[in-house]
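Novice: Structure provided below as structure tokens; questions to follow.
Please treat every number below as a calculation from the coordinates, not as lab data. Since this is a predicted model, take the numbers as computed values, not measurements. Cβ placement follows ideal geometry from the backbone for every residue including glycine, while neighbour counts extend to all protein chains displayed.
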Amino acid sequence: MYLEKRRCFRDPISEIFKAAELLDRAANAFLAGDLILAEELIHLADMQEIRAWTESIWGKSSPYVHVRQISDEKPYLPKNQRSTNRMPTKQQQKLLLQRDGFHCRFCGIPVIRKEVRAFLHKQFPEALPWGAKNIEQHAAFQAMWVQYDHIIPHARGGNNDLDNLVITCAPCNYGRMNYLLEEVGLEDPRQHPPQKSEWDGLERVLQHGWIFA
């Protein structure tokens, strides 16, 4: 079956960008000391439409993820034959974010590091829930969760060289799982320049700069 290559599994919905605007305003309110407004804005960004978009991509039997067989398929490697380090180092993560910006290289939505989310969850646990189950997590922060994605998956022999890594959102990363780009009909995001904007991933709320602990 031939699959026409796409930039991403599913185009982002407008609610994601609306949530990003609300969270950007929440960050400004937090830094200005208006905690009531910040909490209200974070709560408003928890939109069920965003959750439905996320689950339509990474859920079982997704209508947007279609897998095909390819002739030059890279086999799944036994764990003892894979690259020793599955995840990039903190320094590599920082370099990736500096290179790619805070936008998914596939679908382009704004993204936020888990360290920022954890900080804000501590400040506003009711407005920014983050439980063990997907349904218990803030929809916008879940969709916009920064991932360090391997172009050639780690399970298929991919390493942590920066050339094999891109910044993505959680739905694009978990929707692809360990499939090669060709297997799911996606374009190589490295063919397109990173999307640059004033969106800083809400990093400014940390005030003391990067937290890579």
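Novice: Can you tell me which residues in the stretch 164-198 are closer than 18 Å to E4 by Cβ, of a type in the set (G, A, S) and either in contact with a Cys (Cβ under 7 Å, 6 or more places away or on another chain) or part of a helix (DSSP H, G or I) (or both)?
Specialist: Filtering the stretch 164-198 down to residues closer than 18 Å to E4 by Cβ leaves 172, 175-176, 179-189, 191-192.
Of the ones still in play, those that are also of a type in the set (G, A, S) are 175, 185.
The answer is G175, and nothing else.
Novice: Checking the structure you have, find out if any residue of the stretch 13-35 is of a type in the set (V, I, T) and over 16 Å from the mean Cα position of the chain (by Cα).
Specialist: Of the residues in the stretch 13-35, the ones of a type in the set (V, I, T) are 13, 16.
Next, only the ones that are over 16 Å from the mean Cα position of the chain (by Cα) stay: none.
No: the stretch 13-35 contains no residue that is of a type in the set (V, I, T) and over 16 Å from the mean Cα position of the chain (by Cα).
Novice: Can you name the residue in the stretch 27-59 that is outside any helix (DSSP H, G or I) and in contact (Cβ under 8 Å) with a residue 12 or more places away in the chain and is also nearest to Q207 (Cα to Cα) among such residues?
Specialist: Checking each candidate, the answer is A45.
Conditions tested, residue by residue: (1) charged (D, E, K, R); (2) within 22 Å of N134 (Cβ to Cβ).
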{"site": "F17", "(1), (2)": "no, yes"}
{"site": "A20", "(1), (2)": "no, yes"}
{"site": "D24", "(1), (2)": "yes, no"}
{"site": "D34", "(1), (2)": "yes, no"}
{"site": "L77", "(1), (2)": "no, no"}
{"site": "S83", "(1), (2)": "no, no"}
{"site": "M87", "(1), (2)": "no, yes"}
{"site": "K90", "(1), (2)": "yes, no"}
{"site": "D100", "(1), (2)": "yes, no"}
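Novice: Name the residue that is surrounded by the fewest Cβ atoms within 10 Å (Cβ to Cβ), counting only residues in the stretch 81-122 that are assigned to a loop (DSSP other than H, G, I, E, B) and among the basic types (K, R).
Specialist: Residues of the stretch 81-122 that are assigned to a loop (DSSP other than H, G, I, E, B), as a first pass: 82-89, 101-102, 104-109, 111, 113.
Within this subset, residues satisfying the condition of being among the basic types (K, R) are 82, 86, 105, 113.
Details: R82: 17, R86: 12, R105: 27, R113: 22.
If we take residues in the stretch 81-122 being assigned to a loop (DSSP other than H, G, I, E, B) and among the basic types (K, R), then R86 is surrounded by the fewest Cβ atoms within 10 Å (Cβ to Cβ).
Novice: Please count how many residues of the stretch 123-163 are over 25 Å from M47 (Cα atoms), in a loop (DSSP other than H, G, I, E, B) and among the charged types (D, E, K, R).
Specialist: Final tally of qualifying residues: 1.
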